[in-house]
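**Student:** Please see the structure below; I have some questions.
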Amino acid sequence: MNTITFALSKGRLAQEIIKMLETLGILSLEMEEQTRKLVFYSADKKYKIFLAKPTDVPIYIEYGIADIGVVGKDTIMEEKRSVTEVLDLKFGSCRLAVAGFSDAKKLLASKKNIRVATKYPNIAKEYFLKTKRYAEIIKLNGSVELGPLVGLSDVIVDIVESGKTLKENGLEVIEEIANVSARLIVNSASLKVKYEDINLIIEGLKGMIK
């Protein structure tokens, strides 16, 4: 019997996919309990599930530690790991965007050198290169909105959901980079070796999305 291992992003994405896996009959009852355990098994031991930091999920998939992963498209774009993206799960939708004070629009349009604060240095670098503008990328791990507020950066590149945090701090979306959502990714070798089992899961999730 092939064991199928899932690596799920901690937080809201995990909560959503767990509901879907429960509907498909792939779920450990332990996951519904308050526990500090990190690894879970289905009752028949056919499925192994563990929760990981979003940026680590593609690593587990690339190295074959997990067969299937669920992570945001933004993480896939930023990490650039060797994984196969097979399905848009249609939840966790938001935007990757350039944001700042309204007067930053002129600065961006002028194509002068700008400073960009972000948690996504690879995405930001690629975007500004693509749009033929020079940007000094400053990686932050905390609230990137602070960048323009304290004068560290001219703009930020970040995930935007409702835009409420931006608005409350006098910032706004200036340019949109991409729409992102939760994606199902798989290890390329696993997809070949465990094709029937993995494809059954993919088709089951597709049916639920429709």
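The values are calculated or read from the model by the stated rules, or taken from the named source; none is laboratory data. As the structure is a prediction and not an experimental result, all values here were calculated from the model. Note that we place each Cβ from the backbone using ideal geometry, even for glycine, and neighbour counts take in every protein chain shown.
**Student:** Just name the residue that is farthest from Val144 (Cα to Cα) out of those in the range 98-109 that are part of a helix (DSSP H, G or I) and of a type outside the set (Gly, Ala, Ser).
**Tutor:** Of everything passing the filter in the range 98-109, Lys106 is farthest from Val144 (Cα to Cα).
**Student:** Being among the basic types (Lys, Arg) and either touching a strand residue (DSSP E or B) at 6+ places or on another chain (Cβ under 6 Å) or in a strand (DSSP E or B) (or both): is that true of Lys112 here? Reasoning before the result, please.
**Tutor:** On the way: among the basic types (Lys, Arg): yes; either touching a strand residue (DSSP E or B) at 6+ places or on another chain (Cβ under 6 Å) or in a strand (DSSP E or B) (or both): no.
Here the answer is no, as Lys112 does not meet what is asked.
**Student:** Residue by residue through the range 63-92, note down the ones that are in contact with a Phe, Trp or Tyr (Cβ under 8 Å, 6 or more places away or on another chain) and either modelled with pLDDT under 95 or closer than 18 Å to Ile49 by Cβ (or both). Steps first, please.
**Tutor:** Step one: of the range 63-92, the residues in contact with a Phe, Trp or Tyr (Cβ under 8 Å, 6 or more places away or on another chain) are 66-70, 74, 77-78.
Of everything in the range 63-92, those that are in contact with a Phe, Trp or Tyr (Cβ under 8 Å, 6 or more places away or on another chain) and either modelled with pLDDT under 95 or closer than 18 Å to Ile49 by Cβ (or both) turn out to be Ala66, Asp67, Ile68, Gly69, Val70.
**Student:** Tally up the residues in the range 129-156 that are in contact with a Pro (Cβ under 8 Å, 6 or more places away or on another chain) and part of a loop (DSSP other than H, G, I, E, B), please.
**Tutor:** 1
**Student:** Let me ask you something else. Where in the range 1-97 are the strands (runs of 3 or more DSSP E), entirely inside, with at least 3 residues that are among the β-branched types (Val, Ile, Thr) and surrounded by fewer than 15 Cβ atoms within 10 Å (Cβ to Cβ)? Walk me through how you get there before you give the answer.
**Tutor:** Values: elements: 4-9, 39-41, 47-52, 68-72, 84-88.
So the answer is none; nothing clears 3.
**Student:** While we're on this one: Out of the residues in the range 157-184 that are in a loop (DSSP other than H, G, I, E, B) and either polar (S, T, N, Q) or in the same structural domain as Met77 (by TED's automatic domain parsing) (or both), state the one that is surrounded by the fewest Cβ atoms within 10 Å (Cβ to Cβ).
**Tutor:** The first filter runs over the range 157-184 and keeps only residues in a loop (DSSP other than H, G, I, E, B), leaving 161-163, 169-171, 181.
Pick out the ones that are also either polar (S, T, N, Q) or in the same structural domain as Met77 (by TED's automatic domain parsing) (or both) and you get 162, 169, 181.
Details: Ser162: 8, Asn169: 15, Ser181: 15.
Checked the range 157-184; the qualifying residue surrounded by the fewest Cβ atoms within 10 Å (Cβ to Cβ) is Ser162.
**Student:** Across the range 194-210, which residue is surrounded by the fewest Cβ atoms within 10 Å (Cβ to Cβ) among those that are touching a residue at least 60 places away in the same chain (Cβ under 8 Å) and of a type in the set (A, V, I, L, M, F, W, C)?
**Tutor:** Taking the range 194-210 and keeping what is touching a residue at least 60 places away in the same chain (Cβ under 8 Å), we get 194, 197-198, 201-202, 204-206, 208-209.
Adding the requirement that they be of a type in the set (A, V, I, L, M, F, W, C) leaves 198, 201-202, 205, 208-209.
Values: Ile198: 21, Ile201: 23, Ile202: 17, Leu205: 22, Met208: 13, Ile209: 11.
Residue satisfying both the conditions and the ranking: Ile209.
**Student:** State whether one or more residues within the range 191-199 are outside any helix (DSSP H, G or I) and in the same structural domain as Lys48 (by TED's automatic domain parsing).
**Tutor:** Yes, some residue in the range 191-199 is outside any helix (DSSP H, G or I) and in the same structural domain as Lys48 (by TED's automatic domain parsing).
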